[in-house]
1. Which condition does R57 not pass, out of (1) at pLDDT 90 or above; (2) among the basic types (K, R); (3) loosely packed, with under 10 Cβ neighbours inside 10 Å, if it passes all the others?
2. Quick one: in the range 6-35, which of the residues that are basic (K, R) and surrounded by 10 or more Cβ atoms within 10 Å (Cβ to Cβ) is modelled with the highest pLDDT?
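The values are calculated or read from the model by the stated rules, or taken from the named source; none is laboratory data. Computed from a predicted model, the values in this text were never measured in an experiment. Cβ coordinates were reconstructed from backbone atoms using ideal geometry, including for glycine residues, and neighbour counts include every protein chain displayed.
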Amino acid sequence: MPRKVALKTFAEPHEMVRLEKDRSYLSDVVKMSCYRAESSLRNLLSPHFARCVEEGRVFLKALFALPADIVADEQAKTLTIKFMQWLLRDPIGH
């Protein structure tokens, strides 16, 4: 099997379809969905986090970067996120 195959061997020029607009649209939909989910999480934090309006998104982005396990419970229909305990400890010891 050859490593490279000319595109013209697969399709006629009139059969080629460009998906750039569709890809851009899908990307925008995913970004908007993520932003809305992040906003909802920030709103859930507000009763427990005094500076949620100013620092909520920064806190969530830092939280999303931490390694964690996602545990699914099919009977309870829940997902539990377990963060690595060694990362949550205060390194100074306060």
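1. (3)
2. K31
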